[in-house]
Amino acid sequence: MNTTPKMTITQRNEKLYDLRLKQSKLKAELAWVEQEMWVVNDTYKDQDLDLFKEMFGDQVMVPTINYTYTDTPMAEEYYGG
């Protein structure tokens, strides 16, 4: 047995209008978020950074030269240098 309250066609239309309005606002917000993501990625790409240096620093361990380790930006960030 259906226990859903009955509604008039006007109530249905008002509800659908409100839902479409909410949907429209959410679509606009989603488009803004997608645009911000694009800007962030584009800004990062334009920096032309060296990923290896970003991850491991300027100096790395070279097995043939004294096995010297140096701190990396990641080590400083996570372990305090």
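The values are calculated or read from the model by the stated rules, or taken from the named source; none is laboratory data. What you see is a predicted model; the values in this text were computed from it and never measured. Ideal geometry is used to build each Cβ from the backbone, glycine not excepted, and the neighbour counts take in all protein chains shown.
Among the conditions (1) surrounded by 10 or more Cβ atoms within 10 Å (Cβ to Cβ); (2) part of a helix (DSSP H, G or I); (3) more than 13 Å from the chain's Cα centre (by Cα), the only one that LEU30 does not satisfy is (3). Among the candidates ASN41, ASN2, which residue alone is surrounded by fewer than 10 Cβ atoms within 10 Å (Cβ to Cβ) and not aromatic (Phe, Trp, Tyr)? After applying the criteria, what remains is ASN2.
Among the residues of the stretch 8-19, those identified as surrounded by fewer than 10 Cβ atoms within 10 Å (Cβ to Cβ) and in a helix (DSSP H, G or I) are ILE9, THR10. Only a single criterion out of (1) modelled with pLDDT of 90 or more; (2) in a helix (DSSP H, G or I) is not satisfied by GLU54, namely (1).
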